[in-house]
Structures are given as structure tokens and as C-alpha cells.
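Student: Next up is a structure, given as C-alpha cells.
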Amino acid sequence: MKKLLPLLILIFPFLFSCSKEVKIDIPGYEEQLCIDGSIETGMPPIVLLSKSQDIYAPTNLDAFLNSFISGATVTVSNGSSTVVLDEICTDNLPAGSEELAAQLFGIPATELANYHLCAYTTLNTSVWGEVGKTYYLTVNFEGKTYTSSTQIVTPTNLTSSFWKPDGNSTEWGYSWASIADQANQYDGYKWEVKRINIGIDGQPRDAFFTKTYNPFFDDAFFDGLTFDFFYENPMSWDDPAIPSEGKGFYHLGDSVVIKLSKVDEKLFNYYEKKFAQIQTAGNPFATPTNIPTNITGGALGVWAGFSPTYDTLYCVQ
Amino acid sequence: MRLLLLFFIFFTSFASLAQQKSTISGYLTDAKSGEALIGAKVYIPSLKVGAETNTYGFYSLTVEKGIYTIEFRFSGMSNYSKEFDLSQDVSFNYEMGSTEKQLQEVVISAKKGENINSTKIGQIELDVEKIKTLPAFMGEVDIIKTIQLLPGVSSVSEGGQGFYVRGGGPDQNLVLLDEGVVYNAAHLFGFFSVFNADAVKSVNLIKGGMPANYGGRMASVLEVNMNEGNNKKFKVKGGLGVISSRITVEGPLKKDKGSFIVSGRRTYIDLIMKAAIPDSSPFAGSGYYFYDLNLKLNYRLGPKDRIFLSGYYGKDQFTFGSKEDDFKVEMPWGNGIAAFRWNHQFSNKLFMNVITTFSDYQFSFGSAQDEFQIKLKSGVRDLTGKVDFSYYPSTRHKVKFGVETVYHTFNPSSVSAQSQDVVFDTGTPEMLYSFESAIYAMDEFDVTEKLKINAGLRYSMFQHVGPFTRYVNGDISTPDTSFTYSNGDIVKFYDGLEPRFSGRWLLNDNNSIKFGYSYNYQYVHLTSLSAVSLPTDIWYPSTDKAKPQKGWQGTVGYFRNFFKNQYEGSVEVYYKGMKNLIEFKEGALPGDNLNDNTDNLLVFGEGWAYGIEFFFKKSVGKLTGWIGYTWAKTERKFPDLNNGNVFPAKYDRRHDLTVVAGYKLNDRLTFGASFIYATGNTLTLPSSWYVQEQNLLFNYGARNSTRMAPYHRLDLSVTLYDKAFKKKYDEVTGETIQVKKNFRSNWSLSCYNVYNRANPFFLYVDNDGDFLKGDFKITVKQVTLFPIIPSLTWNFEF
């Protein structure tokens, strides 16, 4: 059924004649805090804060980056240790952290100094991610308090991963994997990848992990089963070096690191709705979907715990 | 038991009154085809009393013994008068002849004075032959699109087949084809109706004051009757259109005893796509078509018995594939309806109709990509039995009573999926079984000359029976549980009384006031995840969790005719209250009901609607048509939606204006026009955006708080008929004479959306560009479906 919506999107252009921009009154805007926080095994918590914008608000780079806010008090606790996170801003970044900060905010490292963009994190390892623990987040901002919790669940490794050429092609194919899902428990998964074979610049082809088109899945259909499945190459779409017949595929000889993370059910619900909204935005066949946050107090966003495992795939027959 | 006693007292009282009276009864049929005439009038001018034929052409009129001149009238037919000696009961059947002149006129109904005299409020009968002269979208004559031009009725969306009546949802309309329920009355995702106009005889819409013999839906009844077939001679008619063609064959099984009609229709969209998409294309094999087939047989077993067998089968088939991606989708859906009816005339006052219908609607979706395959099915199947009696004790009373029961089988959603050899656990298909039954009685009677009342009572029952598995979903920390009902276990029982009442107060020959009240239970629901109607919408019965919808409607109207009934006007005011309405929870996604009950995803609320409707109609003359205007408001309140605040229904329209006109220039040329103006539909759009993990996300504002631009459109048509007569040399007289042609044809040119108005079909928020490049922007876009669309159809008949 979930395949039906993309299908209807595909066929609809055959039927309608045109679309045009209109200016129409959309009531109901209310400024809200957006919390984008995550923690994963062996890593510190990282929290970004921003404010929601009116649908007709300016959308240039300045407006986008100025939606991030600072001056909040952010606390993370694992039940036994409680730490107030440090506010680290782009205009006073520790040396060597520019690339990471640029990736976090999605802007070139050269632009960082032009903006006052802040993230909240800590070097105190007592609240870094550990499997099996629950992490509590508290954000105090402008007199309001927002709280949330997330769990780092026990990870599940892939049984195997392999590559095989698609159709008649001999050099392009999807990444395949086999997973043995654990029976009688809820299992939610997140799939990310990066290619580590060296590019012409002498660097690994991808510096960071990238999510696939629909990176989250759970075991509603396959609880306790072992089966093979495939995923596309999400980096290929914007990679000018990959010809059209190779879009979506890995090339023979690619080396791919697969990062498979486990998530709890509440988090899966958030991401399922989030990707449903991204994929169905503008589709009249879809229900307008507000994404169900796991944060109390009236904020948008998510506080997410991940427990990743890694697997390296060499794309050979 | 009390009800039975009531019936007994009721009918014995009529029997004692009837001793000094005589009855004339019989059947009125069309002299040309032998078709039963529905709604023909039998009138005694000296007594100013009359009767009307029922759906099967039967009439019964009981008066004081005496000699009377009786008139027989029917729209488009020559009136017939005859003197009868009613010192004893008389049985009289008559075949009425048509007048060519009247047949070509574009009118809704030519029952002059009917709208003043009857107790019918909120009811409109459409003449199919007249509908055919109105502008048709892509050349397809469409009954439902014509209904959407009536006051109080609005379309779901541009081109859509779903319709909303006085603030009710599309599932609140009972659509009947020869008494079989039609669950999905649309082809091609809603752009065309399943009703092939060539096979349809009559259309009756009841939008208020629903009589007690109808039930199961809250808003309206759309009763469509198929042609019976010509029992005099064989006839063929058909049409060649832009996207489809149709053909109908009818004729006698045995002359004047029985007849048949077979009618088929098919689109060529798949053939056009096949020609347009070369075999080398990755999309070769993609296509769409629909077809439908109507069949009807009838046979007179004797003067008092007649049987009918009706069938409809229609299917839509959508196929989409991409060889490149090894991806294929097949999506078939369709209705199948079969109805068997037996008419028996117990006496000249008591008419019985026994009905058995089978109705089936199935939707399927299958997708395969590489080794992964998924198949989804949903559907509903009904088996119905009904016995309906019409009893005519005197001219002052017309009684109907009966019983009916329906066995429903629902399959809201069943999924199977596999990857290579691994079959996924998609849960047990959710099948739901239920019985819906009713007993009813109603009497239309003249209290005084001025006051006429139709009072009825319907008692309905609903049983949800096993097998059934109830899933109880825990929260994050509580495990889900389930418990099972065995075959035949009663899961839930509902029942209720549904009083129905309508009346007419005659002010004078040209003015009347009418009023109506109806209370309805609705035990089946249509749930939709999308903003537009789709074949994927799910029919779902009442369960222990989903209670029956309940609604009441009160209507008051003033009716007036002008210039010897040439013009008819009316104003109707209504208020409607609705309880236990259902919607999906906010954020529900397709597939969430797997390993679960669909009703766990539903939320429940109430609604109300009110409005005023103006209707002005010209029925005779060269220029005919109507003007309708509706001011209406319809709102909903769900504790679990929109933070519990009241919100407008998605089809809440404040203003709705329609103008329909037909002009007959001469016997060969007819013009048609229709214009519609409506306040834009409501919808929910995001009121703000925010960013998470560099993804732009939207936050939606209040439900249905945005209103689209107004909708307006003008359609025009012109129909050119061939000459009805041909010249022939008469060898006997040596003169050239005119002979009526056996083969008749016409060209019908329609133009949809003449001034190319870009009407909104839906709006969406689009984002495009790149923040870093400085060209990122968020815009609201309006999608327009149909520009100006001319179409040409050639129709023939011989």
C-alpha cells in the first residue's frame, strides 16, 4: 500500500494540465521551538535549536541560518549523571571542528565565521551514548521548559552484505544485505552509507554517512525472519561522475560502509511520519501529516538515540 | 411483536372502509417499447383525485362506486381519457403513445403541478433522455455530473463522481442500481460515472425527507433504474466518442411478454497509450482502460406476475511498468451487481415486490520490483433480501411496508508480500461480517384537501458477527493483546427507530408549503486517507468501536408554480445534525492497519449542516432549464482532531450557483449550456516550516482552514440530429412521400470549460532550489485539472 502513493504521484502528471503559483491566506502560524537532538553509541549528545518560520517567511540563506537560536540551557541525563551541555558556536569553534560543524548545519565551512550558529554538546563522557541506557533531555529557553527521553537499544548486526549487478548490467547494482531479525520484540532500523574507495582527489569519496531515500524500516512484516533486501546508492543522484544508467546503483569496485542503527518504536514513528511527509508533500492523495514529536512542552523536532553497527561491503561479484 | 400488532390494526381499519368503493388498477407502458412508465398519473378530474404508477408501472386507484372519466398522463406522451364504470373493480392496462415534439425538450420532468401537490420534499427526478442533450465531459453523458448541478448537491472535486448532499459525506449517499447497492460509482479515479446513460431509464434523487422504505445512509438516495428493453422489436443504439464507445441491443424475448437489453461500453485510453508509447520505451505496457456491461431481462409470467433479472459488471484496469527498473504495478477495481425481482399483484390494491440483490466491490493493487512483490486487496460484498408491499386502500392512502436484510462481508485491507522465497508476515486479513436488517411501514395520506402527510417508521438492526479478532494496542510500555470471536458469535448489536415524516400544505393550486423530518442510522462507513476520493477508500462496518452514524434532518420549503405550471420555483431551508462521524487519526498512514483493526486508527466526532436552497425551473417551451442557488454551511467537531476545535468540512461551500439551459432551435438543432459557480473547497496547508537534520519540514495549521479560489465553469453543447424523414417515390400514387427513417443519428459537440478557467483541483506547498545558491523558495501552487476540452460524439439508433 505504501507503494501506492508514489505510484499515484507518478500517474497524476498524465492527468492534470498545469500548476501555477498562487498567494493564498494560510492562517494558523505560531512560532515554535524546534529541537534537533541526537545521541548514539560512543558519541556525545548534540542538540541544535531553531525556530519555526511562517510559510511565507523569507527563505534566503540568511533567513534560514538566522532561524537557529542560542542562549538556551540544555541538560542531558542518563538517570545517574546529569550534564549541562556546552554551547559551542561557529564564531568560537575549537580548531579542527570546522568540517564537522559545516556538515551539521549544512553550509560550507567558509561560511561558518559569518554566522552565529550554536550547537549544544559536551566532552563529559559520562553522558555519551551507551547501549541499553535511556537519555533524558531538558531544554530551557525563554522561560519555557521542554523535555524528552530516548533509548539506545541493543543493536542487530547484518548477517551478510553483498553486491550484484542489476538486470543486464555488469557493472552497476544495488547493495544487498541479509538480516536475521530478532523474534518477539520490536525492531526499528535506520540505514546509512558512505563510499570509502579513494576518489581522484586522493580522499575517500564520501566524508560522511548519507541516508537513503527511505532509510527507516521496522519489523512489522518480518518479525523473527531472515531475508535478503536491497538499498539504493543515495549519493549517486548528485554525483556528476555517475552516468544516468548508474543512478541509484553502486559501481563494481566500490567500497561501501553500511551503518545500520537500531531505534525504538517512538523514534521510528517520528521518522516514518517525517519521511512520509517529505515524500508526499503536495500529493492530494496523502493526508496532511504533522510529525509526532517525542518532545513535551510544545516544541517541534526530535530527541533521537541510535545504536549503530557497521559493515563494509566490497562491490564485487 | 408490537409492530406486527400495529400493522394488523392499521390494515383491518382500511379494509372496513373499502366496502363501498371500487378500484381501477393496472399497468401503464410505453406503446413504442413496452417499457413500464414510472410516475405516470392516473387522474379523475371530477373528483380531483389521482394515483401514480410505481417503479414497475403499476397503479391502483380506489374511489366511490360510479362512472368516471379517467385521464392517463405521462411526460412526453399524449394524454389519454376514457370513461369507466366503476360499479365494480376494473383492471385496465394501457400503452401510452409518445409525441415527438415533447420528447426533444430539455426538461427535468414534465409532471406539471407535481412539485406543488406531492409530499415529496428534497426530491428530484431526472429524465435521462433530457440529460443527453446537456454538455458532456469528453462526450460521456454523465448522470452524476448532472446531479451535481442541482441545488444542495456539490461535487467532491473537479471532474469527480463523488457528491455531497446537504453537508453529508460521499458515503452517506445510498446509490442504487435496480435496487442493488453501488459502492463505487466511478471509473477512472472518479472522472466518469459507472452509469451508462444508454442503459438507464430513470434517475431519482432524494436529498431530504427520505421515505421509510429507504435506509442505511444518512444524506440521500440516488435511485437509478435500468431500461427494461424493448418488448416490441429489436433495436440497436450506440455512440462513438473521443475516449470511449458504447453499444446497446434490446429486443423482445417474446413479444409483449418479455424483453432483454444488453449494453456495453469501453474506453480506448490504453490503445491510445499503446500507440503513444513505443515498445522500446521503458514504460511500454503501461495503460488504462475501463469497461462496463449492463444486462437486464424481464418476463411476464402472467397478468399478475413479472420477473426481472438485472446485472452490471464494470472494471477499471490500470497498469504501469518500467522495464528499466524492473517495476510493475497492476491496479484493477470494479463493481458487480446482480438483482432478481419478482412482482406479484395479490389484488388490485396490493402489490408485492420481492428483491434479491448481490453487490460486490473489489479493489486490488499489486506491485513487483525485482524480487519484491506486494499485493493488497480490499472490498465489500452484500447479499440482500427484501420484500416490499404497496397497498392502495383508498385514494386518500398509499401504504408501503416491508422488510429487508443484508449480509455484509467486508475486507478493508489484506496484504501479502514476499521477497524471493521469504513470505512476509502481513497478519491475518481483517474480514468483517455483519447482518443489517430493517422493517418499515409508511402511509402517504390526504388528511384534508390541503394537508397531505407521508408518515413512516423504520426499525433497523445491525449485528457484527464473528469470526473476528479484536486487537487492543498497548502503548510503548504495554504489550499489544488480542481476543478472538468465533464463527457466529455476536460481537456487537445495534438497533434504533428511524421516524420519517413529510407533509404538504396546499395554499392554492399554485402554492404549497412542505416540511419534512427524517432520522437515519448508518451502519457502514467509508474511510479515506486522502483529500480526494479514490478507489483505495475503505468501506468499513460498525463494530464495537466504530458506532453507527446517526443523523436527523429537518426541512421546510415553499413551492410555487407560475404561468400555468410552465415555471416552477421553490425555496427550501434545512438543518442537519450528525453523530458518530468517522475520520482517520491525524498522521495515519496506509498500511497502518496491518496486524491491527482498521477502527483502531479511526476517531469519532459530530457534525452539522444548514442551508437554504433556491430553485427555479422552466419546463416547457423552446428554452428550458433551471437556476439553482444554495447558501450552506457544514462543520465538524472531533475531540481528537484539530485540538478538539470546530472545523469546516472539506466540502463546506458557502455559495453554489448553477444555471442550466437548453434551447431547441428546430427539430434538428439543440443547444445546451451549464454554468456553475461555487465557493472554493477547504483544505489543510502547512502554516510554518522548520528544519531538522537539514530536512525542511512543514507544520500544518488548523484543519481545513485554507480555502481555495472559487470554482466556476461554463460548458456548452450543440446537437445536430439527422433528418427524421426521407423522401420516397410512391409507385401507387406516383407522388413523392416522406417516410420515417429507421436509422437515426446525431452529432453531439460539447465544450467543457469554455472560457478555460484555471479552476483549483488542489493546492500544495512546493519547495525548490538550494539555500546555498540563494535560489531556495517555498511557494503555494495550485493544480488545475482540466482546461477547455472540446469533444465530439456520434450517436446512432436503428
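FYI, it's all coordinate maths here, none of it is from the lab. Nothing here was measured: the structure is a model prediction, and the numbers come from that model. Reconstructed Cβ throughout: ideal geometry from the backbone, glycine too, with neighbour counts over all protein chains shown.
Student: Rounded to the nearest 500, what is chain A's calculated 222 nm mean residue ellipticity when only DSSP H runs of at least 4 contribute -39500 (n - 2.57) each, over all residues?
Tutor: Details: 4 runs with 42 residues, N = 317.
Estimated from H runs of four or more residues: -4000 deg cm²/dmol.
Student: How big, in percent, is the set of alpha carbon pairs in chain A lying more than 31 Å apart? Walk me through the intermediate numbers first.
Tutor: Values: 19933 of 50086 pairs.
Tail fraction, whole percent: 40.
Student: While we're looking at this one, here's another question. Would you work out which of A:PHE216, B:GLN345, B:SER542 lies farthest towards the positive end of the dipole of the protein assembly as shown, given +1 charges on the beta-carbon of Lys and Arg and -1 on that of Asp and Glu, about the Cα centre?
Tutor: Sorting the options by dipole projection puts first B:GLN345.
Student: What number, in nm² with one decimal, is the all-direction average of the projected area of the convex hull of the alpha-carbon atoms of chain B? If you can, show how the numbers build up before the last one.
Tutor: On the way: hull surface 160.9 nm².
Its Cα hull, projected and averaged over all orientations, spans 40.2 nm².
Student: Give me the angle, in degrees from 0 to 90, between the Cα long axis of helix B:2-17 and the longest principal axis of the Cα atoms of chain B, rounded to the nearest 10.
Tutor: It is inclined by approximately 20 degrees.
Student: Right, here's the next one. Just for the Cα atoms in region B:661-798, what are the lengths along the principal axes, largest first, rounded to whole Å?
Tutor: Largest to smallest, the principal-axis extents are 96, 29, 22 Å.
Student: Among A:CYS34, A:CYS118, B:CYS751, what is the fewest-to-most ranking by other Cβ atoms within 10 Å?
Tutor: B:CYS751, A:CYS118, A:CYS34
Student: While we're looking at this one, here's another question. Between B:ASP766 and A:VAL316, take the C-beta separation as r, use R0 = 45 Å, and let me know the FRET efficiency to the nearest 0.05.
Tutor: Working: r = 42 Å, r/R0 = 0.93.
Efficiency for this residue pair is about 0.60.
Student: B:TYR471 to B:ALA709: extension gain in nm, 0.36 nm per residue of separation minus the Cα-Cα distance?
Tutor: Values: separation 238, 0.36 × 238 = 85.68 nm, distance 4.34 nm.
Gain on extension, B:TYR471 to B:ALA709, equals 81.3 nm.
Student: Please quote Rg/Rh for region A:31-152 to two decimal places, taking the Kirkwood radius as Rh and restricting both calculations to Cα atoms.
Tutor: 0.98
Student: Right, another one. Expressed as a fraction of 2.2 N^0.38 Å, the rule-of-thumb size for a compact globular protein of N residues, what is the C-alpha radius of gyration of region B:114-223?
Tutor: Its radius of gyration relative to the 2.2 N^0.38 Å reference: 1.01.
Student: If one computes the Cα centroid of region B:357-423 and of region A:84-150, what distance in Å separates the two points?
Tutor: 56 Å
Student: Compute the signed sum of charges (Lys and Arg +1, Asp and Glu -1) over the other residues within less than 10 Å, Cβ to Cβ, of A:GLU192.
Tutor: Numbers: positive: A:LYS190, A:LYS194, A:LYS211, A:LYS259; negative: none.
Taking every other residue near A:GLU192 into account, the sum is +4.
Student: So if R0 is 45 Å, what FRET efficiency would B:GLN20 and B:ARG757 give, r being the distance between their Cβ atoms, rounded to the nearest 0.05? List each step's numbers first, then the result.
Tutor: Working: r = 65 Å, r/R0 = 1.44.
That pair, B:GLN20 with B:ARG757, gives E of 0.10.
Student: Bins of 5 Å, beginning at zero and ending with the bin holding the largest distance: percent of Cα pairs per bin for region B:703-762, please.
Tutor: Taking all Cα pairs of region B:703-762, the binned fractions are 4, 13, 12, 10, 9, 9, 7, 7, 6, 6, 5, 4, 3, 2, 1, 1, 0 percent.
Student: Tell me the mean residue ellipticity at 222 nm calculated for chain B from its helices only (DSSP H runs of n ≥ 4, each -39500 (n - 2.57), averaged over every residue, nearest 500).
Tutor: -1500 deg cm²/dmol
Student: Rg over Rh of region B:284-369, using C-alpha atoms and the Kirkwood radius, what does it come to? Can you show the working numbers first?
Tutor: Details: Rg = 21.1 Å, Rh = 16.0 Å.
Answer for region B:284-369: 1.32.
Student: Shifting gears a bit: Among A:LYS262, A:LYS273, what is the fewest-to-most ranking by other Cβ atoms within 10 Å?
Tutor: So the residues, fewest neighbours to most, are A:LYS273, A:LYS262.
Student: Taking 0.36 nm per residue of sequence separation and subtracting the Cα-Cα distance, how much length would be gained by fully extending the chain between B:ASN742 and B:ASP722, in nm to one decimal? Show your work: numbers first, answer last.
Tutor: On the way: separation 20, 0.36 × 20 = 7.20 nm, distance 1.15 nm.
That works out to 6.0 nm of additional length.
Student: So what does log10 I(q)/I(0) come out to for region A:195-280 at q = 0.16 Å⁻¹, using the Debye formula with one equal point on every Cα and no solvent?
Tutor: -0.81
Student: Starting at 0 and stepping by 20 Å, how many percent of the alpha carbon pairs of the protein assembly as shown end up in each bin?
Tutor: 11, 37, 31, 15, 5, 0
Student: Continuing with this model, one more query. Can you sort A:LYS144, B:LYS585 by how many other beta carbons sit within 10 Å, fewest first?
Tutor: Details: A:LYS144 12, B:LYS585 15.
The fewest-first ordering by Cβ neighbours comes to A:LYS144, B:LYS585.
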